[in-house]
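Enquirer: Attaching a single structure in C-alpha cells format; questions to follow.
Coordinate-derived values only; no laboratory data. Everything numeric here is computed off the predicted structure, so don't read it as measured data. Positions of Cβ are generated from backbone atoms using ideal geometry, with glycine treated the same way; all protein chains shown enter the neighbour counts.
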Amino acid sequence: MTSSGLRVRDLTVVYRTDDGDVHAVDRASFDVGPGERLGIVGESGSGKTTTALALIQMLRPPGRVTGGTATIGDVDLLRLAPAEMRRHRLQTASYVPQGAMNSLNPVLTIGRQFRNALADHGVRLPEDELRARVHAALESVELDPRVAGLYPHELSGGMKQRVCIAIGMLLGPRLIIADEPTSALDVVTQRQVMETLGRQQQVTGAALILIGHDMGLMAQFVDRLAVMYAGRIVEIGTIREVLETPRHPYSRALVASVPRLAQRGELHGIAGVTPSLRRLPEGCAFHPRCVDAIDRCRRERPALDRAPGEHRAACLLAADAARESVA
Ligand code: SF4
C-alpha cells in the first residue's frame, strides 16, 4: 500500500463509566489503500461508528482513544492536537455522517456554506475564482450551480446529501468516511447518492470507509469488508471472500439474513441480542448466539488469525479448519 492510504493498528476506544471502563473498540487493525473502499458492518453497538468517530477525533466524552495508531502518510490522526485536527479535517480526512444533510446551516445559502468551509481552511481566492470553485464543486456532484444561491430547505434530501458529499470532497481529502450516508433516503435517491460518492472517490483516488449494516449495499459498493461484533473486528477480507466464503459464524448469519427471492417467506435473523459491552461473555463474545459454539468457546477468546491483508477471522473453529487445510 502506498503512503497515502490509511493504516490503522490496534485502535482502542474506552468509555469510562461508573461501572468501570468499557471497550467500545478493542484493538481494531485494518488498511484502506488509495482508491480502495472498505465497508464496516455490524449491529448497533458493535463499534463501527465509534471507530469512524475516533479516526477523526470526533468522539464525545466519556469516550476516548486509549491506544493505537491511524496513519495517513506520516500523519497519525490520533496524535494530532485539536487545532491541527481541524486543519486536517476536509484536507486529509472527511466525515459524512448519518443524516449529514441535517448538519447544513439552515440560515446560510449553500454557496455561503462552501465559502465558509474554504475560508476555515485558509483558502483565500479572488471572487470570480471562488465562485468558479463552488460551481465546480456543485457540478461534480451533478447539481446545478444555481443551487449555490438556495437555502437548505429549498433542496430535496438527496440534493442536500450530495451537497454534503461535495463539501466533504472540497479540499481533496485522502480519506473519506461515510457513515450510513443514505439511511434517511428513498432507494432511488440512495442509489444516486452512492453513485455520486463512488464517482467522486474515483476522481480523487481517496481511500473510502463506508459504515453501514446493509449487506446488499456493501456487496455493490465496497472492495473489502470488515465485520464488527461487540467492539472487535471478527472477520475481514475482500467483499467476495466475506460474502461467498464467510469464515466467522456471525458473518455467515449476516450473509444469510439478506433476503433472497428464492427463499421467499423465510426470514433469517440472528437469534439472541448483542451483549452489553459492560458485561461481555467470557471467551468468545459471540458464543451465547453461536450455533457452532463448543466448550472451548466459553473459555478462550479468539484473536484474528492470519496476516493483515489476508482473509482473517477471529473464531476458534475457523482457525482450526484453516490449520487442518494446510496440514
Ligand atoms: Fe462460535 Fe466458537 Fe467461533 Fe466464537 S469461537 S464464533 S463461539 S465457533
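Enquirer: Could you tally the net charge around Glu36, taking each other residue with its Cβ under 13 Å from the Cβ of Glu36, Lys/Arg +1 and Asp/Glu -1?
Expert: So the surrounding residues net to +2.
Enquirer: I've got another one for you. Applying a 10 Å radius around every beta-carbon, put 11-20, 270-279 in order of their mean neighbour count, most first.
Expert: 11-20, 270-279
Enquirer: Let me ask something additional. Could you rank the peptides 160-173, 26-39 by their average count of other C-beta atoms within 10 Å per residue, with the highest value first?
Expert: So the order, starting with the most tightly packed, is 160-173, 26-39.
Enquirer: Shifting gears a bit: Between region 290-327 and region 14-42, how far is it from one alpha carbon centroid to the other, in angstrom?
Expert: 20 Å
Enquirer: Specify the angular offset, from 0 to 90 degrees and rounded to the nearest 10, of the alpha carbon long axis of helix 157-169 from the longest principal axis of the alpha carbons in the chain.
Expert: 90 degrees
Enquirer: Also, quick follow-up: Please report, in debye to the nearest 20, how large the charge dipole of region 8-104 is about its Cα centre when each Lys and Arg carries +1 at its beta carbon and each Asp and Glu carries -1 there.
Expert: In debye, rounded to 20, region 8-104 gives about 340.
Enquirer: Another one. Once you wrap a convex hull around the alpha carbon atoms of region 17-163, what is its projected area averaged over all directions, in nm²?
Expert: Taking a quarter of the hull surface, the average projection is 11.3 nm².
Enquirer: What is the chain's relative contact order, in percent, from Cα pairs under 8 angstrom and six or more apart in sequence?
Expert: About 20 percent, as a whole number.
Enquirer: Taking Cα pairs under 8 Å and at least six residues apart, what relative contact order does region 211-327 come out at, in percent?
Expert: Value for region 211-327: 25 percent.
Enquirer: Based on DSSP, what percent of beta bridges with both residues in the chain are antiparallel, to the nearest 5?
Expert: Within the chain, antiparallel bridges account for around 60 percent of the total.
Enquirer: Out of Thr238, Val222, Val134, whose Cα points farthest toward the positive end of the dipole of the chain (charges: +1 Lys, Arg; -1 Asp, Glu; placed on Cβ)?
Expert: Selected residue: Val134.
Enquirer: Also, I was wondering about something else. With charges set only on the Cβ (+1 for Lys and Arg, -1 for Asp and Glu), what does the dipole of the chain come to about its Cα centre, in debye to the nearest 20?
Expert: In total the dipole reaches around 380 debye.
Enquirer: On to the next question. Mind ranking 175-181, 215-221 by how tightly packed they are, going by the mean number of other C-beta atoms within 10 angstrom, highest first?
Expert: 175-181, 215-221
Enquirer: Let's test this: bin the Cα-Cα distances of the chain at 20 Å from zero up to the farthest pair and state each bin's percent.
Expert: Histogramming the chain at 20 Å steps yields 30, 55, 14, 1 percent.
Enquirer: For labels at Arg9 and Ala83 in the simple 7 Å Cα→Cβ model, what's the distance in nm?
Expert: 3.0 nm
Enquirer: Taking 7 Å along the Cα-to-C-beta vector as the label spot, tell me the Arg131-Val291 distance in nanometres, rounded to one decimal.
Expert: Calculated label separation equals 6.3 nm.
Enquirer: While we're here: Compute the signed sum of charges (Lys and Arg +1, Asp and Glu -1) over the other residues within less than 13 Å, Cβ to Cβ, of Val96.
Expert: Within the 13 Å Cβ shell, the charges total +1.
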